[in-house]
1. Once neighbouring chains are kept in place and the probe is 1.4 Å, which whole percent of the accessible area of the chain is contributed by carbon and sulfur?
2. Rolling a 1.4 angstrom probe over the protein heavy atoms, how many square angstrom per residue are accessible across the chain?
3. Pull out a ≥ b ≥ c, the square roots of the eigenvalues of the alpha-carbon gyration tensor of the chain, then state rounded if a/c is under 1.5, prolate if not and a/b is larger than b/c, and oblate in the remaining case.
4. How far apart, in nanometres, would the label points at ARG74 and ALA43 be if each is projected 7 angstrom from Cα along the Cα-to-Cβ direction?
5. Mind giving me the nanometre distance, one decimal, between the label points for ASN4 and THR21, set 7 Å out from Cα along Cα→Cβ?
6. Sort LEU99, LEU13 from largest to smallest accessible area, using a 1.4 Å probe on the heavy atoms of the protein chains.
Amino acid sequence: LTGNMVFEGGAALLAEVLPQTQISHLKLRNNFIRDAGVLQLSAHFPSSGLAEVDLSQNFIGLEGTSSLTASLARSQITSIDLSENTIGIEGAAELSQALADSQLVTLLLS
């Protein structure tokens, strides 16, 4: 779904059905999801079978990053791409603290 103008509303709709799917890879690069969309998606990560998630270029800030880090420890996600967002120093600090409790083996922030 890269570059398909999913926006926050589309992310919320996807989030609702994620636990009912067999999807293991979700690529939502460049969809203007923002923090509001990530809040919806990450709430359903623990009950989904997702292993890889690409949320790069989505204007995700500290609030979205905080939501992601809270869900990582309870999810099966092993790879997440958060490149070209606005995570900042505080968001990076939150991610680094969550790494030990997660199953992540790949974290992209370039």
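1. Numbers: 2980 of 5490 Å².
Reported share for carbon and sulfur atoms: 54 percent.
2. Details: 5490 Å² over 110 residues.
Per residue, the chain has an accessible area of 50 Å².
3. Numbers: a/c = 1.55, a/b = 1.11, b/c = 1.40.
It comes out oblate by the Cα gyration axes.
4. With each label placed 7 Å out from Cα toward Cβ, I get 1.1 nm.
5. Label at ASN4, label at THR21, 0.8 nm between them.
6. Numbers: LEU99 70, LEU13 115 Å².
Result of the area sort, largest leading: LEU13, LEU99.
The values are calculated or read from the model by the stated rules, or taken from the named source; none is laboratory data. Remember, predicted model here, so these are calculated numbers, not experimental data. All Cβ positions, glycine included, derive from the backbone under ideal geometry; neighbour counts span all protein chains shown. Surface areas here come from the heavy atoms of the whole protein model, side chains and all, with no ligands, DNA or RNA. Shrake-Rupley method; radii C 1.70, N 1.55, O 1.52, S 1.80 Å.
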